[in-house]
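Inspection log for the structure reproduced underneath, given as structure tokens.
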Amino acid sequence: MTKTISSGVTLNNGVVMPWLGLGVWQGRPEDGAHVEHAVRTAIEAGYRSIDTAAAYRNEQGVGRAVRASGVPREEIFVTTKVDNANQGYDATLKAFDKSLDELGMDYIDLYLIHWPVSAHYMETWRAMEKLYAEGKVRAIGVSNFQIRHLDTLLAACSVVPAVNQVEYHPRLTQKELQGYCNGKGIQLVAWSPLMLGRLLEEPLVQELAGKYGRTGAQIVLRWDLQNGVVTIPKSAKAERIYENADIFGFELSLGDMERLDALNRNERSGMDPDKFEELWGLRN
Ligand SMILES: NC(=O)c1ccc[n+]([C@@H]2O[C@H](COP(=O)([O-])OP(=O)(O)OC[C@H]3O[C@@H](n4cnc5c(N)ncnc54)[C@H](OP(=O)(O)O)[C@@H]3O)[C@@H](O)[C@H]2O)c1
């Protein structure tokens, strides 16, 4: 079926998640003030999905913007995440209530474990299953989980995660992880899909932008869609928010998809899920 800005993928529990969302992680402090404006602009541009997290400290602004948009709450898919400091059963239940409060909402569409903190993620998942059973969240999932984390989780969980949100772009194609997730009914979601903008300088991306009469960002985001991966690019600038949404009206050829795949270097712009605990001092 043709993908459109208002269409989405049906997750493993039947809930539909839009193919495109706005990421609102603000790498630069000066962007913090622009969250509300960015979310309002995105909704005007047709986005129906917003990706935030407790750790981004901007859930309040997201909630205000969704309310002010005039679009009914149930038409907007809101994702947030439990942060590392609040993992564990009781802490997660409390963190969820705080996120609801900050967002000013009475349910969340998708709640994720932000990072697989080894000492806690199984208990965190039990709390997420409770929230799901109680209908407080429409779907639950994980983020930054490697195959080994998913193996451990799947061996003991009652609810299979609906998504795994990971760093994903042509320099980090995650083929093995995607194959694994596809096999288990877990939808991949791409964070840093533009590699924080760095991919736009790549000569092949520029060449394809010329060939298709598109921008480099549109080429890279289109590659996500054609690989069956949900994408959540971040921009605080109106013209880029519109640009990043205009990816549904063209198609990359199979050959060009393969050339983009061949840019893979297993290169990350963000934290490595196998190293974050050591680097962030989270190992017990
Ligand atoms: N689960 C996780 O651990 C995790 C980790 C990182 C990110 N995320 C999520 O994924 C979202 C996206 O990832 P990201 O913010 O790291 O990186 P990204 O979306 O790959 O790149 C964002 C950067 O690219 C620039 N940009 C956006 N559109 C552009 C365009 N059309 N042309 C040129 N530059 C453009 C933005 O600048 P301007 O704002 O100035 O336009 C910003 O500096 C985040 O916002 C967050 O919601 C999740």
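The values are calculated or read from the model by the stated rules, or taken from the named source; none is laboratory data. Computed from a predicted model, the values in this text were never measured in an experiment. Quick reminder, even Gly has a Cβ in these numbers, built from the backbone with ideal geometry, and neighbours come from all protein chains shown. What goes into the accessible areas is simple: the full protein's heavy atoms, side chains included, and nothing from ligands, DNA or RNA. Shrake-Rupley method; radii C 1.70, N 1.55, O 1.52, S 1.80 Å.
Data for the structure
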| item | result |
| --- | --- |
| All positions within segment 133-167 that are outside any strand (DSSP E or B) and open to solvent by less than 10 Å² (accessible area, probe 1.4 Å) | Asn144, Phe145, His149, Leu150, Leu153, Pro161, Ala162 |
| Single residue of segment 11-44 satisfying the filter (of a type in the set (Asp, Glu) and open to solvent by 60 Å² or more (accessible area, probe 1.4 Å)) that is modelled with the highest pLDDT | Glu44 |
| Condition met for Leu200 (hydrophobic (A, V, I, L, M, F, W, C), open to solvent by 40 Å² or more (accessible area, probe 1.4 Å) and more than 11 Å from the ligand (Cβ to nearest atom)) | no |
| Close pairs from segment 185-196: first closer than 11 Å to Asn164 by Cβ, partner among the basic types (Lys, Arg) and open to solvent by 10 Å² or more (accessible area, probe 1.4 Å), Cβ under 6 Å, at least 6 apart | none |
| Members of segment 37-52 found to be touching a Phe, Trp or Tyr at 6+ places or on another chain (Cβ under 7 Å) and under 22 Å from Val82 (Cα atoms), listed by number | Arg48, Ser49 |
| Matching residues in segment 203-242 - criterion: being part of a helix (DSSP H, G or I), open to solvent by 60 Å² or more (accessible area, probe 1.4 Å) and charged (D, E, K, R) | Glu207, Lys211, Glu239, Arg240 |
| From the options Arg67, Arg48, residue that is among the basic types (Lys, Arg) and within 21 Å of Ala162 (Cα to Cα) | Arg48 |
| Hey, Lys3 under 22 Å from Gly185 (Cα atoms) and in a loop (DSSP other than H, G, I, E, B) or not | yes |
| Pairs with Cβ under 8 Å, 6+ apart, first in segment 269-283 and touching a residue at least 12 places away in the same chain (Cβ under 8 Å), second within 9 Å of the ligand (Cβ to nearest atom) and of a type in the set (Val, Ile, Thr) | Pro273/Val166 |
| Matching entry among Ala53, Ala65 (being farther than 20 Å from Thr231 by Cα, open to solvent by less than 10 Å² (accessible area, probe 1.4 Å) and touching a His at 6+ places or on another chain (Cβ under 9 Å)) | Ala65 |
| Segment 8-24: number of residues that are in a loop (DSSP other than H, G, I, E, B) and closer than 18 Å to Tyr242 by Cα | 3 |
| Per-region count, segment 265-280, residues in a loop (DSSP other than H, G, I, E, B) and surrounded by fewer than 12 Cβ atoms within 10 Å (Cβ to Cβ) | 3 |
